[in-house]
Amino acid sequence: MKSTFFTSAAVILSVGVAVSLTGCGAAGTAEAVDAGYPAKTVKFLMPYAAGGPSDVTSRAMAQCLSQGLGGTFVVENQSSGAGAVAMQQLASAKPDGYTVGLSTNGPMVLNPMFNELPYSMDDFTAIGTMAKIPTMFAVGKDSPFKDAESLFQAAQENPGTISMGVPGATSSLAIELKKLQQDFDIEFAVVPTSGSAELITNLLGGHIDAVFINDHKDVAAHVKDGGFVPLAAASQERSKTYADLPTMEELGYEGFFTDSVYGLFGPKGLPDAIVATLESGIEACTQDQEVIDQIGERFVPDTFSNAEETAAVFADMQTRYEPLVG
């Protein structure tokens with residue numbers, strides 16, 4: 001049972017181990033750390049606009065960290081450049097624990113692959129995973145496709161004729177769909193949109209045959225009212241909400257899985273003790289029922305992914321995506 005708890009920051013400061021995306025940071029243990037951390041306002045950068053699931057996650061976590069660690073964490077939305085502006089600001093910040101930020105698959109991994117940017121994954125320190133948004137394939141209520149097998153078979157037999165919407169041409173879902181097409185000889189007519197809102201409108205309006213989409217609250221609402229019909233979960237585990245929905249791997253598409261992972265990061269060289277304090281704080285927040293209710297229970301993993309595990313997940317994303325970009 002998840003409950004509210006917090007470990008003393010003073011205790012955590014005495015034991016921390018920092019893990020960056022490139023391994024254990026050399027700068028961490030050599031730096032003196034203020035035992036009163038956080039002694040001033042912590043800037044919590046958010047690479048997307050206000051109102052979406054990542055913003056809800058950031059604000060719930062910032063409030064929880066403020067209460068638990070005794071400081072003030074203030075969310076700042078920096079949505080320009082598909083999140084690149086926030087990531088550059090985070091990468092350039094002093095590694096003292098007073099600038100942290102949420103990042104996910106796109107800003108952290110894909111943006112530097114598609115664009116000439118002054119940052120890469122090597123410029124950040126992973127702290128922990130705050131939430132995961134599962135993904136799914138879905139069709140509209142009047143679709144002739146009643147299951148995933150019939151949808152994918154039609155795309156195999158009629159290459160380029162079945163339209164599949166994705167939230168952006170360079171989104172992680174667009175890249176994963178490319179992997180599906182390459183690995184299993186399935187060719188959709190891919191329709192990129194400006195984001196999930198347009199994707200939902202296009203499917204409900206009958207303008208596309210299917211969607212590959214993040215399974216957030218808006219999608220769940222349309223599943224509930226019958227406008228969306230989910231066909232397969234693209235996460236490694238079955239959805240908490242749709243327990244009868246098979247995963248892609250269960251359907252035989254081995255190695256095909258993706259989630260939108262919301263990790264907390266700091267700049268490269270963040271001291272070990274600061275990482276440990278924030279890591280413990282995030283872990284406590286993911287077990288706080290008020291936070292869970294704000295974010296959504298199915299979006300908060302039952303098992304916490306710490307700094308090292310979060311770094312490994314994002315490194316694996318880069319390994320998966322690199323062959324597909326270009």
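Summary of computed values
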item	result
Convex hull of Cα atoms in region 67-204, direction-averaged projection (nm²)	11.1 nm²
Largest to smallest principal axis extent of the C-alpha atoms in region 136-290, angstrom	56, 34, 30
Over region 188-238: Kirkwood hydrodynamic radius from C-alpha pairwise inverse distances, Å	11.7 Å
Positive-end residue, region 159-271 charge dipole about Cα centroid, Cβ charges, pick of V166, M248, S194	S194
Alpha-carbon Rg/Rh ratio, for region 251-326, with Rh computed the Kirkwood way	1.03
Residue pairs, from the table K43/K94; K178/K240; K43/K268; K43/K132, whose Cα atoms sit over 20 Å apart	K178/K240; K43/K132
Debye intensity ratio in log₁₀ form over the Cα atoms of region 149-217, taken at each q of 0.14, 0.15 Å⁻¹	-0.38, -0.43
Fraction of accessible area attributable to carbon and sulfur, the chain (%, probe 1.4 Å)	49 percent
Approximate shape of region 81-152 as ellipsoid semi-axes (Cα gyration tensor, √5λ), whole Å, largest first	36, 15, 10
Highest-fluctuation residue, T135, T72, T241 considered, GNM on the chain with Cα pairs under 10 Å	T241
Pairs of Cα atoms farther than 12 Å apart, region 128-175, %	73 percent
Top positive-direction residue, dipole computed over the chain with Cβ charges, set S143, I208, V100	V100
Relative contact order [Cα under 8 Å, 6+ residues apart], the chain, whole percent	31 percent
Among F304, A273, F257 - extreme Cα towards positive end, dipole of region 254-312, charges at beta-carbon	A273
For the chain: accessible area per residue (Å², 1.4 Å)	42 Å²
Dipole magnitude of region 145-196 about its Cα centre (Cβ charges: Lys, Arg +1; Asp, Glu -1), debye to nearest 20	220 debye
Trypsin sites (Lys or Arg not before Pro) within region 238-326, DSSP loop, no more than 16 other Cβ atoms inside 10 Å	R238, K240
Dipole magnitude of region 118-271, debye to nearest 20 (Cβ charges: Lys/Arg +1, Asp/Glu -1, about Cα centre)	500 debye
Placed amide H near M130: partners under 5 Å, 5+ positions off or other chain	Y262, G263, L264
Over the chain, volume per residue of the alpha carbon convex hull, in Å³	122 Å³
Helical mean residue ellipticity (222 nm; -39500 (n - 2.57) per DSSP H run of 4+; nearest 500) of the chain	-10000 deg cm²/dmol
The chain - charge dipole about Cα centre, Lys and Arg +1 at Cβ, Asp and Glu -1, debye rounded to 20	760 debye
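The values are calculated or read from the model by the stated rules, or taken from the named source; none is laboratory data. What you are looking at is a predicted structure, and each value in this text was computed from that prediction instead of being measured. We place every Cβ from the backbone using ideal geometry, glycine too, and count neighbours over all the protein chains shown. Surface accessibility is based on the protein's heavy atoms, side chains included, excluding ligands, DNA and RNA. Shrake-Rupley method; radii C 1.70, N 1.55, O 1.52, S 1.80 Å.
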